[in-house]
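This report refers to the structure that appears directly beneath it.
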Amino acid sequence: MSEVVADPSSVQLGSRVGARAEKRMLIDGALVSAASGAEFDNLSPATGRLLGTTAAAGPEDMDAAIGAARRAFDTTDWATNRALRRRTLLQMQDAIESEQEDLRAELIAEVGCPVMTTENAQLDWPLADALRYPARLIDDFEWERRLDGGGLFGDRNARTVVKEPVGVVAAITPSNFPIEVILNKLGPALAAGNTVVLKPDPHTPWNATRLGRLIAERTDIPAGVVNVVPTPSNEVAGLLGTDPRVDMVSFTGSTAVGRHLMRVGADTMKRTFLELGGKSAMIVLADANPAHIVPGAIGACVHAGQACAANTRMLVHRSLFDEAVATVTHAFGGVPVGDPALPSTLVGPLISATQKQRVLDAVERARRDGARIVVGGGEPDGLPDHLAGGHFVAPTLIVGAEPGSSIARDEVFGPVLVLIPFDDDGEAVRIANDSAFGLAGAVVSRSPERAMGIARRIRTGAIGVNGGMYYGADAPFGGYKNSGVGRQCGIEGFAQYTETKTIGWRLPRQG
């Protein structure tokens, strides 16, 4: 049984946050309500209670936002004024930092993320460099390069390769790490000279609308360069994928939605960046230190397993397998589950009742397929009354699943870990690569050389060796196969928000 943390902190936090939240959209430099006056509810995933409401964009609002972004790109000097872009990105940085603690509380309330996660990937890590790094790249990026030589029929030619912004970017962001993804999209997109229409996930709108207010009130970013348009309507959001005024879609979310955006964007030949799902494997080799098993397993439960890169498959050499099952079972029984507003909580709620049911259905399907639920598999016992309406699933360990089964291959997006034994390194690599996904993973071995050799054979966009961290604004992140197209962060992530133009001109003949 997991340790349940009980305290009504999330109720109190939600009340304070709701009273201060920004309900309005940002369209063409103005903070506005929906043209129809419509709003939608923002519910606490920890309690199920109403936190407050947010303006619900309709088709006319989305049309206005896209039009504003198009005009700002086509008629202002934003695309060419690098000094302005650098200055305003740093203004945005300062503005966010001035409200960092309010933003932290907002994330805990509307995302349901435990306090400890805001001290790393939820907030503090991206705030450290997601805007500063692309602001530096404005000066350091190779915007032009000269090609030597060339010429036909005796003529002499000069050629220059020029990097230019793509144009209007639709940034569509998820609920699990919302501000982290938003900043890592806005930073490079704006630094490269694009204008943006940001559509946040309807479960977590306030961090985005707060950012919209800060941009409007605290920066010199021209009107229309950034537009923040929350909506619960898939039809309204879908306009970003079909409107010919949008040049690029930058999406983080499910593989199914990513495929849909590729299809609907084909008619207007939209550039797409897609950071999608994962079923990452942590490989524990025969010579690994068993002490690494428990931290790796707990990682699958952080933020209730709502992380696309989480290592939700643990492949353990058969000689260590029984020990791994025993130690992970004990560890999962002591993981603090409960109120995300408490510093001691590790596992908070899932984002919605729908997602909770998806996780429980996946576990039940694994049971029917013959796997064994060693610990967890349902709601945690003993939740206090103030969390009775929340969307909690206990940390769950599954063994006995075939490597090709649904629970071992499909993304669950919950605190569910599958342990699978293997007999040699080659089998471990085969199991890890036998997946439709290819986002991330990990390898553990006492031999760094052996671990690196395995890491190079795994078909994923990122992988950690012996606890190594691949995250950072300067480190490209994204996936192979069904895990996506393109990269977030790094020079590669910056460059994908640019177009390439080659200019050639004839030089006078000599002599």
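In this calculation the C-beta distance from A436 to D474 is compared with R0 = 30 Å, giving a FRET efficiency of 0.55. For T268, the shell of other residues with beta-carbons less than 14 Å away shows a net charge of +2, using +1 for Lys and Arg and -1 for Asp and Glu.
Rolling a 1.4 Å probe across all protein chains gives R457 an accessible area of roughly 120 Å².
Taking every DSSP beta bridge with both residues inside the chain, roughly what % is antiparallel (nearest 5)? Given both bridge residues lie in the chain, the antiparallel proportion sits at roughly 45 percent. Sequence-ordered 3J(HN,Hα) estimates for the range 495-503 from the Karplus curve with 6.51, -1.76 and 1.60 and θ = phi - 60° stand at 5, 5, 8, 10, 9, 10, 10, 10, 10 Hz, glycine and proline given as x. Placing +1 on the Cβ of every Lys and Arg and -1 on the Cβ of every Asp and Glu, with nothing else charged, gives the range 321-471 a dipole about its Cα centre of roughly 380 debye.
Here the spin labels are modelled as points 7 Å beyond Cα on the Cα-Cβ line, and at L90 and D287 they lie 4.9 nm apart.
Just need the relative contact order of the chain here, percent rounded to a whole number, with Cα pairs under 8 Å and 6+ apart. Across the chain, relative contact order equals 21 percent.
Dimensions of the range 74-122 from C-alpha coordinates, computed as largest minus smallest value along each principal axis and given longest first, are 43, 20, 16 Å.
The residues neighbouring P349, those whose beta-carbon lies less than 10 Å from its own, together hold a net charge of 0 under the Lys/Arg +1, Asp/Glu -1 convention.
Each residue of the range 36-49 was assigned a 3J(HN,Hα) from its phi angle through the Karplus expression (A = 6.51, B = -1.76, C = 1.60, θ = phi - 60°), giving 7, x, 5, 9, 10, 7, 10, 9, 6, x, 7, 10, x, 7 Hz with x at Gly and Pro.
So which of K279/K501; K185/K501; K270/K481; K163/K185; K23/K270 end up more than 27 Å apart, counting from Cα to Cα? Over 27 Å apart, Cα to Cα: K279/K501; K23/K270. Take 290-297, 157-164 and order them by the average number of nearby Cβ atoms within 10 Å per residue, most first; the result is 290-297, 157-164.
Taking all pairs of different Cα atoms in the chain, averaging 1/r and flipping that mean, what Kirkwood radius in angstroms comes out?
23.9 Å
Here is the P(r) of the range 281-473: all C-alpha pair distances, binned every 5 Å from 0, give 1, 8, 18, 21, 20, 15, 9, 5, 2, 0, 0 in whole percents. With protein chains left intact and a 1.4 Å probe, residues in the range 90-146 average 39 Å² of accessible area per residue. The relative contact order of the range 69-135, computed from alpha carbon pairs under 8 Å that lie at least 6 residues apart in sequence, is 34 percent. DSSP assigns beta bridges within the range 281-473; of those with both partners inside it, close to 15 percent run antiparallel.
Roughly speaking, to the nearest percent, how much of the range 281-473's 1.4 Å accessible area is carbon and sulfur?
51 percent
Please get the size of the charge dipole for the chain, origin at its Cα centre, with Cβ charges of +1 on Lys and Arg and -1 on Asp and Glu, quoted in debye to the nearest 20. Numbers along the way, then the final one.
Values: 50 positive and 59 negative charges, 325 e Å.
That gives the chain a dipole magnitude of about 1560 debye.
Taking Cβ atoms as reference points and 14 Å as the exclusive limit, the residues near L439 contribute a net charge of +3, counting Lys and Arg as +1 and Asp and Glu as -1.
The values are calculated or read from the model by the stated rules, or taken from the named source; none is laboratory data. These figures come from a predicted structure and were not determined experimentally. Using ideal geometry, Cβ is built from the backbone for each residue, glycine included, and neighbour counts are taken over all protein chains shown. Please note that ligands, DNA and RNA were not included when accessible areas were found on the heavy atoms of the full protein model with its side chains. Shrake-Rupley method; radii C 1.70, N 1.55, O 1.52, S 1.80 Å.
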